[in-house]
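In what follows, a single structure is set out as structure tokens and then discussed.
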Amino acid sequence: MSLGKKDIVNNISTKALFDSKISPIFFEKFLSIIKTNKNIKINKFGIFREHETKPRIGRNPLTKEQHPIPKIKKLSFRASNKVKSILN
């Protein structure tokens with residue numbers, strides 16, 4: 001099951017008892033906090049971490065042509081032990 005942005009906003013408004021006008025604002029602010037900080041730790045939930053990949057050489061498997069792939073920023077999430085125990 002995947003959740004879209006609208007689904008998450010609806011869940012915030014129904015389960016957290018927020019007004020439906022405040023829920024999208026709350027969610028956007030949460031995403032902006034994640035985007036502006038490099039490391040975010042939420043106790044008993046997990047850690048959001050930004051890291052950069054190294055530049056490397058990629059290869060087309062059909063033509064064997066090589067292309068440079070520049071470094072990019074990625075966001076990773078590491079779940080806490082509590083979340084892992086709920087999932088397993």
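Between amide H atoms placed 1.01 Å from N, distances below 5 Å from GLY46 occur with SER80, all of them 5 or more places distant or on a separate chain.
For Cα extents along the principal axes in Å, the value computed from the atomic coordinates appears in the list (1) 36, 29, 20; (2) 41, 34, 19; (3) 55, 30, 28 under label (3).
Counting only alpha carbon atoms, the long axis of helix 23-36 and the longest principal axis of the chain meet at about 40°. Annotation: amide H of ILE69 within the under-5 Å range of ARG56, ILE57, GLY58, sequence separation 5 or more or interchain, hydrogens built in the peptide plane. Based on Cα contacts under 8 Å between residues 6+ apart, the chain shows a relative contact order of 21 percent. So how tilted is helix 5-15 from the main axis of the chain? Cα-based, degrees 0 to 90, rounded to 10. The helix 5-15 is inclined about 30 degrees to the chain.
Among 46-52, 62-68, the peptide with the highest mean count of other Cβ atoms within 10 Å heads the list, and the full ranking is 46-52, 62-68.
By the rule of a C-alpha distance below 22 Å, with chain neighbours fewer than 8 residues away ignored, the lysines paired with LYS71 are LYS35, LYS38, LYS54. For the chain, adding -39500 (n - 2.57) for each run of n ≥ 4 DSSP H residues and dividing by the number of residues yields -11000 deg cm²/dmol at 222 nm.
Between the residues ILE12, LEU87, ASN39, the greatest Cα displacement towards the positive end of the dipole of the chain, with unit charges on the Cβ of Lys, Arg, Asp and Glu, is found for ASN39. Ordering LEU87, LEU3 by the number of other Cβ atoms within 10 Å of each residue's own Cβ, fewest first, gives LEU87, LEU3. Computed from backbone phi with θ = phi - 60° and the Karplus coefficients 6.51, -1.76 and 1.60, the 3J(HN,Hα) list for segment 79-87 is 6, 6, 4, 5, 5, 4, 5, 5, 6 Hz; x is used for glycine and proline.
FYI, it's all coordinate maths here, none of it is from the lab. What you see is a predicted model; the values in this text were computed from it and never measured. Every residue, glycine among them, receives a Cβ derived from its backbone with ideal geometry; neighbour counts consider all protein chains shown.
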